[in-house]
Amino acid sequence: MVVLGFALVVPSTAVQAESPSNVLVLGRISDDPKAHYEQLKPLLDYVVARMGDVGITEGRVLMARDTQQMQSYLRRGRVDWVTETASSAMLLEARAGARTLLLTERNGVSRYHTVYFARRDSGIVSLDDLPGRSIAFQNRQSASAYFVPAAELLAQGLSLEILLSPQDEPEAGSVGYLFARSEFNTSSWVHKRLVDVGALSNIDWSNPRRVPDSFKGDFVIFARSPEFPRALELVRGNLSPRVAERLREVLLEAARDPAAAEAMAQFFRTTAFLSVDARTRAELDALRDGALRVATEVE
């Protein structure tokens, strides 16, 4: 039986003990637990059915409302396996002792980058033009549309100031930011001149449902970030090495197993799980440093 745990409604007295050793708990930071549960459960079921040789007989899903809550779950042994965007994963690695297990490929893409765009008539041609301007990020969990651009702005020597609304203005020497909550809102806010700049992944930029073609003629991409991993699978640091290695083996084999095809598709359109090589580790180390700086200086 797979049990759904909603982190926002589970009584605190029920989440103190470590999960039983025969249970594999898959965690996700979520603002939509019901939708994410339906995406996570099929692959969890597939994995659990192939881990009996290491004592796993049951799977559960546990959602957290934010990175801080997931850190607590990892430290207390409430979650064994976490699937997350790269920046959130690096915060979990740095602050909760999680270990990166695999790189996640979605729709055939394992890496992407951030694009910064503005209206053509804005006069913005580089990141140096942003002091006194405003930028729309997506949400606090997004790597490509929050952590990466925020870290790059800090690295440029710019300070970030949260705005109360699109009508609010930043101080002359800082960059004002707001959370648009969706990719379409980001592009729409820039198009309507509610903010000066938007930051999105190159994948979202190419999606006409998120950046309509009718907007693009008025936009210009004036900067791009380096590439970084799209998503990661992690395990808690003190998970049994036998269980962690078997989980790694099952996930690596899943892309070649027709029985996993539907579950993989539901798992955020995952097409493969990949080993973490030296290049990926270097990208993750840079991402971790940037995410920690944003968490310390901005939040």
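Bear in mind that the values in this text are calculations on the coordinates, not laboratory data. Everything numeric in this text was worked out from a predicted model, so none of it was measured. For neighbour counting, all protein chains shown are included, and Cβ atoms are generated from backbone atoms with ideal geometry for every residue, glycine included.
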Descending principal axes extents, region 163-208, alpha-carbon based, whole Å
33, 17, 16
Looking only at lysines whose Cα falls under 21 Å of Lys192's and that sit 8 or more positions away or on another chain, we get Lys216
For every helix of n ≥ 4 consecutive DSSP H residues, a contribution of -39,500 (n - 2.57) applies; sum these over the chain, divide by its total residues, and give [θ] at 222 nm rounded to the nearest 500 deg cm²/dmol.
-10000 deg cm²/dmol
Helix 278-297 against the longest principal axis of the chain: what's the angle in degrees, Cα atoms only, rounded to the nearest 10?
60 degrees
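Given the peptides 189-200, 137-148, 53-64, 28-39, arrange them by the average over their residues of other C-beta atoms within 10 Å, most packed first.
137-148, 189-200, 53-64, 28-39
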Just to check I understand the Karplus step: with θ = phi - 60° and J = 6.51 cos²θ - 1.76 cosθ + 1.60, what whole-Hz values come out for region 65-75, glycine and proline as x?
7, 7, 4, 4, 5, 5, 4, 4, 4, 5, 4
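Which whole-number percent is the relative contact order of the chain (Cα, under 8 Å, 6+ apart)?
Reported as a whole number, the value is 26 percent.
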On the Cα set of region 114-225, report Rg and Dmax in Å, please.
12.3, 34
Which distance in Å, rounded to a whole number, links the C-alpha centroids of region 75-110 and region 35-74?
12 Å
